[in-house]
Amino acid sequence: DGGITQSPKYLFRKEGQNVTLSCEQNLNHDAMYWYRQDPGQGLRLIYYSQIVNDFQKGDIAEGYSVSREKKESFPLTVTSAQKNPTAFYLCASSFSPQWTQYFGPGTRLTVL
Amino acid sequence: ELKVEQNPLFLSMQEGKNYTIYCNYSTTSDRLYWYRQDPGKSLESLFVLLSNGAVKQEGRLMASLDTKARLSTLHITAAVHDLSATYFCAVDGNRDDKIIFGKGTRLHILP
């Protein structure tokens, strides 16, 4: 089945640790996105990528990093520089930036 | 800078009633999206509206777009409990490759 997978579903991080969230899609989509959602809030864009080996900062990129070495994969690293990382992280993909985005199931990150 | 505002942000309604959620945006755009999110879950695409006057319907939900007024509506007809969820509108910024989400409308339908 085609779709977007994210792992892990739940992630716990200690202060000062870097953690990496996985996002994989087999939809043959060119564009991929990372969003952060806080309780009762909308989605805020962290990073996005329109093509392999290229990505752009979104509205809240500080404390995060990404890579896009393969079309199918767009991992997000939450670094220790991100002061308040506890949130629900959603990955999305689309054929191109102007097309509908399809979302993965999300990763819930908690800082201990 | 594109801003997207939804109202109301929270709506509690009885089954069988009709209601409308509004999505206003601040700059010209040709594309507007509606998504649904169930508690603790991801977002599911409902509608894409691509032109002025566009109307799309799926079951008890109907979405419309007025690009001149920079307004989209999501109308719920004869609400049922299964429609309880948070509904987001999102607008294509045109000038860049991002879409901007509203804060969402949390819909609670009472049996």
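Any read-out appearing in this document is the output of simple, stated calculations on the displayed coordinates, not a laboratory observation. Everything numeric in this text was worked out from a predicted model, so none of it was measured. Here the Cβ positions follow ideal geometry from the backbone for every residue, glycine too, while neighbour counts run over all protein chains shown.
What ranking, highest mean first, results for peptides A:87-98, B:3-14 when packing means the other Cβ atoms within 10 Å averaged over each residue?
A:87-98, B:3-14
Taking each residue in A:90-102, count the Cβ atoms of any other chain within 10 Å of its Cβ, then average. What number comes out? Don't skip to the answer; put the middle values down first.
Values: counts 3, 1, 4, 0, 2, 0, 1, 6, 7, 4, 9, 6, 4.
That works out to 4 on average.
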What residues qualify as long-range amide H neighbours of A:G3, i.e. H under 5 Å apart, gap of 5 or more or another chain, H built at 1.01 Å from N? A:N26, A:L27
Note down the magnitude of the dipole of chain B about its Cα centre, charges +1 on Lys and Arg C-beta and -1 on Asp and Glu C-beta and zero elsewhere, to the nearest 20 debye. 160 debye
Give me the percent relative contact order of chain A, please, defined on Cα pairs under 8 angstrom at least 6 residues apart. 35 percent
For chain A, compute Rg over Rh where Rg is the Cα radius of gyration and Rh is the Kirkwood radius from the inverse mean 1/r over Cα pairs. 0.94
Using θ = phi - 60° and Karplus 6.51 cos²θ - 1.76 cosθ + 1.60, couplings along segment A:26-31 (whole Hz; Gly, Pro as x): 10, 9, 6, 7, 7, 9
Among B:D30, B:D97, B:D66, which one shows the biggest mean-square fluctuation in a GNM of chain B, springs joining Cα atoms closer than 10 Å? B:D97
Please report, in debye to the nearest 20, how large the charge dipole of the protein assembly as shown is about its Cα centre when each Lys and Arg carries +1 at its beta carbon and each Asp and Glu carries -1 there. 400 debye
For the protein assembly as shown, percent of DSSP beta bridges that are antiparallel (nearest 5) comes out at 90 percent
Which far-off residues, 5 or more places away or on another chain, put their amide H under 5 Å from the one on B:A54, with H placed in the peptide plane? B:L65
Say we join alpha carbon atoms closer than 10 Å with springs in a Gaussian network model of chain A; which of A:G16, A:G63, A:G40 then has the biggest fluctuation? A:G40
For the protein assembly as shown, treating each Cα as an identical point scatterer without solvent, what Debye log10 I(q)/I(0) comes out at q = 0.18 1/Å? -1.31
Estimated vicinal HN-Hα couplings, Hz - segment B:69-81 in sequence order (Karplus 6.51, -1.76, 1.60; Gly, Pro = x): 8, 6, 9, 10, 10, 10, 9, 10, 10, 6, 4, 10, 4
Assuming R0 = 22 Å, can you tell me the calculated FRET efficiency for the pair B:N52 and A:Q98, based on Cβ-Cβ distance, to the nearest 0.05? 0.85
Go ahead and set up a Gaussian network model of chain B, Cα springs under 10 Å, then flag whichever of B:E15, B:E44, B:E58 fluctuates most. B:E58
Listed by chain and number, the residues whose amide H is under 5 Å from that of B:V80, excluding neighbours fewer than 5 places away on the same chain and using placed H, are B:G16
R0 of 22 Å, Cβ-Cβ distance B:E44-A:N28: FRET efficiency to nearest 0.05: 0.60
Sticking with the crude label model, points 7 Å out along Cα→Cβ, report the distance from A:N84 to B:T73 in nm, one decimal please. 3.7 nm
Which is farthest toward the positive dipole end of segment A:1-52 among A:G42, A:N28, A:Q6, measuring Cα position about the Cα centre, with Cβ charges +1 (Lys, Arg) and -1 (Asp, Glu)? A:G42
Taking a crude spin-label model, label points 7 Å out from Cα along the C-beta direction, the B:Y19 to B:V80 distance in nm is 1.8 nm
